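Bear in mind that the values in this text are calculations on the coordinates, not laboratory data. What you are looking at is a predicted structure, and each value in this text was computed from that prediction instead of being measured. Methodologically, a virtual Cβ is constructed for each residue, glycine included, from the backbone with ideal geometry; neighbour enumeration extends over all protein chains shown.
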Amino acid sequence: MGQEIWNKAYRTDNSFFGDEPSSFAIHSFNHLKTDSNSINNKKKLLELGAGHGRDTVFFASHGINIEALDYSIIAVNILNKISNEKNLPVKSQLFDIRNKPLPFPDTYFDAVYSHMFLNMHFSEEELHFILSEIRRVLKPTGWNFFSVRSHDDKFYGNGREIEKGIYDINGFHIRFFTEKEIRNLSSSEGFEILQIKEEYEDPVNLFLVIAKKR
Ligand SMILES: C[S@@+](CC[C@H](N)C(=O)[O-])C[C@H]1O[C@@H](n2cnc3c(N)ncnc32)[C@H](O)[C@@H]1O
């Protein structure tokens, strides 16, 4: 469910989200750099819903080892091609994150990053499961960087509500969050929020969240 619209988007435009990293990736990287274990220690980062990899390429170009997951085969192939051409430390795999444990051992990653991913078509139960899996694969006090669409988004309330809180916006299935929902979800799954701020990334409104495993 849902893959086809993403396959079509990436097939039509190999760089659907552009080639530049998002400002959230740069913001997250700056936090990662503040860790006492210096960045030169080859940090391991997992990216969920990486798409064609505008942010993956940015992290990898700064020496971070990345595992990237996405359920669009077109996106995975684009990212693998770019990583091979640029010889970047990226492993990109096809993976549907709903209700399946992440394919990595416990406490494996320094950070998990996802940009506009947790607002995809996930039920509340699935969201709790994904957060619990993120927590499992993170090292103690590992970072969880994520962004989600907000209720201030101009698309919120448009389109058909296909499931509680999830709207069909031109064929894409999107959940919109309040700050309170993010705080409740994060704390119930064992994350401490260090920062949460709202930002406009043309054409959408996002909450940018910097959290740590408790
Ligand atoms: C809004 S896009 C963001 C892409 C990328 N993070 C970026 O900002 O450039 C969301 C991505 O999540 C992927 N996705 C949605 N549901 C998924 C699922 N259940 N499992 C894995 N990937 C999923 C889509 O294929 C798409 O690439």
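Here are the numbers for this structure:
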item: 1 or more residues of a type in the set (F, W, Y) and surrounded by 15 or more Cβ atoms within 10 Å (Cβ to Cβ): qualifying helices (runs of 4 or more DSSP H) within the range 1-89; result: 3-12, 23-33, 54-61
item: Count - residues of the range 178-193 that are without any contact (Cβ under 8 Å) to a residue 60 or more places away in the chain and in contact with a Lys or Arg (Cβ under 7 Å, 6 or more places away or on another chain); result: 3
item: Residue count for the range 95-124, restricted to those that are more than 17 Å from I182 (Cβ to Cβ) and either more than 13 Å from the ligand (Cβ to nearest atom) or loosely packed, with under 14 Cβ neighbours inside 10 Å (or both); result: 13
item: Residues that are farther than 22 Å from I78 by Cβ and in a strand (DSSP E or B), drawn from the range 94-116; result: F109, D110, A111
item: Residue among I174, I134 that is in a strand (DSSP E or B) and touching a strand residue (DSSP E or B) at 6+ places or on another chain (Cβ under 8 Å); result: I174
